[in-house]
Amino acid sequence: MTIELRALRALRLKGRATVGDVASAAGAEDSEVEAVLVALGAAGHSAEGAGRHKLTASGRTRLDELLAAERANLDQGALAGAYREFGPHNAAFKQLVTDWQLKDGTVPNDHTDIEYDAKIVQRLAELHEAFLPLLDRLVALAPRLTPYPARFTSALARVRAGEHIWLARPMIDSYHTVWFELHEDLIGLAGLTRADEAAAGRAE
């Protein structure tokens, strides 16, 4: 069930995804994910076009069923506490991304100021290290989140190697993309919605 759930969840989060996209999110080999996607397609839970896969209405229903079953078997009290601890890390990351995109909160960052960008990359590395213990606890509470530590570490390594698009660019497995997807998963595991989070001022 876990690989099916991870694959369905990846399709919901990514919209239209390649086998590689789903494999990265699911922490699985392409061949394993391809087999799962074939089965999902045969069941009418996903549809494929031009090498990309998307959820169907029945796929969304199946995903909701699997997520409900997952939540029923998790320690909701511990998850709620861990999610509260996530809040300050999320606020720090939101500010970091804002600073990456805007200098002084108003001027678009053209990334010609090497020292400025280097300081933000260092902040990202420090945030990553501070966040890892909580992330490990979240994985222990909800094993479906197991792929996230490696995804964060991979994105950070590319940023630190000078590939700065891996900090916040959409449509790739950038640090921001992985953070957004983790946040979505935590919202779901806590039985909340994005609207709930927006109303509470915690939307990322």
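Worth a mention:
- Inclusion of Leu66 among residues that are part of a helix (DSSP H, G or I), touching a Leu at 6+ places or on another chain (Cβ under 7 Å) and aliphatic (A, V, I, L, M) is warranted.
Each row is one residue, and each column tells you yes or no for (1) assigned to a helix (DSSP H, G or I); (2) without any contact (Cβ under 8 Å) to a residue 24 or more places away in the chain; (3) touching a helix residue (DSSP H, G or I) at 6+ places or on another chain (Cβ under 6 Å).
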{"residue": "Glu70", "(1), (2), (3)": "yes, no, no"}
{"residue": "Gly81", "(1), (2), (3)": "yes, yes, no"}
{"residue": "Pro88", "(1), (2), (3)": "yes, yes, no"}
{"residue": "Ala92", "(1), (2), (3)": "yes, no, yes"}
{"residue": "Gly105", "(1), (2), (3)": "no, yes, no"}
{"residue": "Ala118", "(1), (2), (3)": "yes, yes, no"}
{"residue": "Gln122", "(1), (2), (3)": "yes, yes, no"}
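- Positions within region 23-57 being closer than 14 Å to Leu145 by Cα and in a helix (DSSP H, G or I), in sequence order: Ala23, Ser24, Ala25, Ala26
- Tallying residues that are assigned to a loop (DSSP other than H, G, I, E, B) and hydroxyl-bearing (Ser, Thr, Tyr) within region 164-198 yields 2.
- Pairs, first touching a residue at least 60 places away in the same chain (Cβ under 8 Å) and at negative phi in region 152-170, second assigned to a loop (DSSP other than H, G, I, E, B) and crowded, with 19+ Cβ neighbours inside 10 Å, C-beta under 9 Å, six or more apart: Leu167/Ser174; Ala168/Ser174
- Odd one out for Leu63, checked against (1) surrounded by fewer than 16 Cβ atoms within 10 Å (Cβ to Cβ); (2) modelled with pLDDT of 95 or more; (3) within 20 Å of the chain's Cα centre (by Cα): (1)
- Checked against (1) within 27 Å of Leu192 (Cβ to Cβ); (2) among the hydrophobic types (A, V, I, L, M, F, W, C); (3) buried (at least 19 other Cβ atoms within 10 Å of the Cβ), Leu74 meets all criteria but (3).
- Here the condition is being closer than 20 Å to Ala25 by Cβ, surrounded by 13 or more Cβ atoms within 10 Å (Cβ to Cβ) and over 13 Å from the mean Cα position of the chain (by Cα); of Val178, Val159, it holds for Val159 alone.
- Filtering region 49-58 to residues that are surrounded by 13 or more Cβ atoms within 10 Å (Cβ to Cβ) and more than 14 Å from Lys14 (Cα to Cα) leaves only Ser58.
- Condition check for Arg9 on (1) at pLDDT 95 or above; (2) more than 15 Å from Ala57 (Cα to Cα): one failure, at (2).
- Qualifying residue in region 83-104 (condition: in the same structural domain as Arg144 (by TED's automatic domain parsing), at positive phi and exposed (fewer than 14 other Cβ atoms within 10 Å of the Cβ)): yes
- Residue in region 47-60 that is of a type in the set (Lys, Arg) and either in the same structural domain as Leu124 (by TED's automatic domain parsing) or under 23 Å from Val159 (Cα atoms) (or both) present: no
- Candidates are the residues of region 132-176 that are touching a Leu at 6+ places or on another chain (Cβ under 7 Å) and of a type in the set (Phe, Trp, Tyr); the one that is farthest from Gly188 (Cα to Cα) is Tyr175.
The values are calculated or read from the model by the stated rules, or taken from the named source; none is laboratory data. Computed from a predicted structure; not experimentally measured. With ideal geometry, Cβ positions are generated from the backbone for all residues, glycine too; neighbour counts draw on all protein chains shown.
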